[in-house]
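Any read-out appearing in this document is the output of simple, stated calculations on the displayed coordinates, not a laboratory observation. Computed from a predicted model, the values in this text were never measured in an experiment. Glycine also receives a Cβ, built like all others from the backbone with ideal geometry; neighbour counts cover every protein chain displayed.
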């Protein structure tokens, strides 16, 4: 049995350039899928996994994230005074309490990579393995992190990453595991290759944005030279520790949406909208009306 996973790190300092101009004033982590910001799904997932401390690695320009994450007693009081007690209660249940919850905000002042963002949380992390959640990788269904934490506790793997099966052509978009064996949902690997050409991909097991990492990842990151784009890459540090610690992918049961892309965001929104009676009625009207004609434009 391994030490418990007590810390979850949320790297949220990125600029969200793929969603400009929407993200010029609104952090991409606060973009809603129907009526729930992306960051809230990640927080809920970490809660279900039972972590003790949540660390948000943010940027000074993104103060709105902290405002959303933390409880706002004044806003709740205003809503209650106006008779909107249900909304006030809902906000109270989803927000993190500065007294009852263990929450840390720390800053990544320069865009030096995902690995650097994780390293910024080092002094605040509790002892033992850590979890890292990328909010724009939305995974709906049972908490992916909870599944990973349970699997990690039963058979510690050193480093564990969330994995999903992709088509051969799609391997060019992901880090791909070099698979050596399988044990149920756990995929054993001796390394990973970042965005290989499809013909060179060692498998079709793609790494997505959930990680349970041995605490030594901080030492590896601190000694990690810059990689692609001059940034400190988390995957490079994970690879450095693989021979020493072991590496495994975990095939989670939920459905993953790449909400860092417009298409993925739209898919997630439509799927959740279809489950909401109010939105589902609108979708049905639109689809049955025949008023929408889908078309693509060719490049000039």
*residue 223 versus residue 185: modelled label distance in nm, points set 7 Å from Cα along the beta carbon direction*: 3.4 nm
*To the nearest 0.05, what FRET efficiency results for residue 91 and residue 48 with a Förster distance of 30 Å applied to their C-beta separation?*
0.95
*asked:* Can you tell me which of 71, 271, 136 moves the most in a GNM of the chain? Springs connect C-alpha atoms under 10 Å apart.
replied: 271
*Which of the following values of log10 I(q)/I(0) by the Debye sum over Cα atoms at q = 0.07, 0.09, 0.14, 0.16 Å⁻¹ was calculated from the structure shown: (i) -0.23, -0.39, -1.00, -1.33; (ii) -0.29, -0.48, -1.12, -1.41; (iii) -0.27, -0.44, -1.00, -1.25?*
(ii)
*Taking only the alpha carbons of the range 1-128, what extent do you get along each of the three principal axes, in Å, biggest first?*
46, 43, 23
*Segment residue 61-residue 244, extension gain: residue separation times 0.36 nm, minus the distance between their alpha carbons*: 62.0 nm
*Assuming R0 = 30 Å, what is the FRET efficiency of residue 279 and residue 104, from their Cβ-Cβ distance, to the nearest 0.05?*
0.25
*Calculated FRET efficiency, residue 169 and residue 72, Cβ-Cβ r, R0 45 Å, to nearest 0.05?*
0.45
*Would you kindly calculate the translational diffusion coefficient of the range 99-252, applying Stokes-Einstein with the Kirkwood radius from alpha carbon pairs, for 4 °C and a viscosity of 1.567 mPa s, and quote it in µm² s⁻¹ without decimals?*
81 µm²/s
*Does the range 171-300 come out rounded, prolate or oblate by the C-alpha gyration tensor, with a ≥ b ≥ c the root eigenvalues, rounded set by a/c under 1.5 and, if not, prolate when a/b is larger than b/c and oblate if not?*
prolate
